[in-house]
Amino acid sequence: MGSVTSSEREFINAWQRDFPLERRPFRRIASMVEETETEVMATVRDLIRRDVVSRLGAVVAPNTAGASTLAAMAVPPARLEEVAEIVSAEPAVNHNYEREHAFNLWFVVTASDAEELRATLDRIARTTGLPVIDLPLEQSYHIDLGFPI
Amino acid sequence: MDRALLAAIEDGLPVVSSPYADIARQIGTSEDDVIGRLKRLLGEGVVKRLGLVVRHRAVGFDANAMVVWDIGDADVDRVAEKLAAQPFVTLCYRRPRRLPEWPYNLFCMIHGRDRRTVRKQIAELNASADLEGVPTAVLFSKRCFKQRGARFSTANMEPAA
């Protein structure tokens, strides 16, 4: 288990969704957990500072019509780091992971339009000399409610 | 205006006593308009949730598997609804096959504390939707080379893989 206290875990589990939509949301939470507004804000700031929580914010539904895609490459293992660096250097790439499979490099491209998306994938294929498969979202089935940690 | 609002909060709400008033000032509208819009976007399903976004690795969820199957086009929606209902499935998507090298069209993401647990959950998944014998692969993640929050301001986002 990572370094969160049991009260922090409880707090995180309670507030992955339904953050109050009212003028003083932290005061509302404070009244529910019997703390002060300042204490609740300090807890959230601390979780963000420690990188346990990336942000307090909105999770937006994926849009099938967007200029974004999940792409994969089968990279010879000896070239993986070099190719990963080329992929990560693209500004439109926001996640880039190694996975255990013949297709061992997976990345998400989020571009401002279809043309930029295409250009990014083409540039990666050209620079690395390796084919890129493009797997755009067709349908999302899951409702993201956060999940207990 | 909705796009400007999503762009303004893409890095998170400010942790101050009146966060919606801060956002309203940034995009030139009223605090109540921001609150009203966010309520509507949640109601419409454009915003799936508003709250803490956890870094799973930071809280001990070290095993991350992408599980893929090749499901017949006529059955894929029905199977996907079943898989997506399992509490440990964090994302579930249909994507195109790229034959011959990539024959899979249904993707589920599972985050777990360790690989043993995740493998057990995958077995449960296969049993729950009667998927014995269906072509499948499990791709555990290893190194993360780059991770950044999705940018709502530039485009519609692709979910974190």
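The values are calculated or read from the model by the stated rules, or taken from the named source; none is laboratory data. Computed from a predicted model, the values in this text were never measured in an experiment. Please note: Cβ atoms are built from the backbone with ideal geometry, for glycine as well, and neighbour counts cover all protein chains shown.
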Examine segment A:127-139 for a residue that is outside any helix (DSSP H, G or I), farther than 30 Å from B:ASP75 by Cα, among the acidic types (Asp, Glu) and within 7 Å of chain B (Cβ to nearest Cβ), and state whether such a residue exists.
no
Just wondering, is there one or more residues in segment A:61-70 that are under 30 Å from B:ARG98 (Cβ atoms) and more than 8 Å from every other protein chain (Cβ to nearest Cβ)?
yes
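Look through A:GLY129, A:GLY66 and report the one residue that is surrounded by fewer than 21 Cβ atoms within 10 Å (Cβ to Cβ) and modelled with pLDDT of 95 or more. Full working, then the answer.
Working: A:GLY66 fails: modelled with pLDDT of 95 or more.
Sole residue among the options that is surrounded by fewer than 21 Cβ atoms within 10 Å (Cβ to Cβ) and modelled with pLDDT of 95 or more: A:GLY129.
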Tally the residues that are part of a helix (DSSP H, G or I) and within 9 Å of another protein chain (Cβ to nearest Cβ), restricting the search to segment A:15-39.
5
Tell me the residue from B:ALA65, B:ALA58 that is on the phi < 0 side of the Ramachandran plot, at the interface with chain A (Cβ under 7 Å from one of its Cβ atoms) and of a type in the set (Gly, Ala, Ser), please.
B:ALA58
Specify which of the listed residues (B:ILE71, B:ILE35, B:ILE23) is crowded, with 16+ Cβ neighbours inside 10 Å and in contact (Cβ under 8 Å) with a residue 40 or more places away in the chain.
B:ILE71
Only residues that are in contact (Cβ under 8 Å) with a residue 24 or more places away in the chain and in a helix (DSSP H, G or I): list them for segment B:1-20, please.
B:ASP2, B:ARG3, B:LEU5, B:LEU6, B:ALA7
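Considering A:GLU90, A:GLU81, A:GLU98, which residue is modelled with pLDDT of 95 or more, surrounded by fewer than 14 Cβ atoms within 10 Å (Cβ to Cβ) and in contact with a Phe, Trp or Tyr (Cβ under 9 Å, 6 or more places away or on another chain)?
A:GLU81
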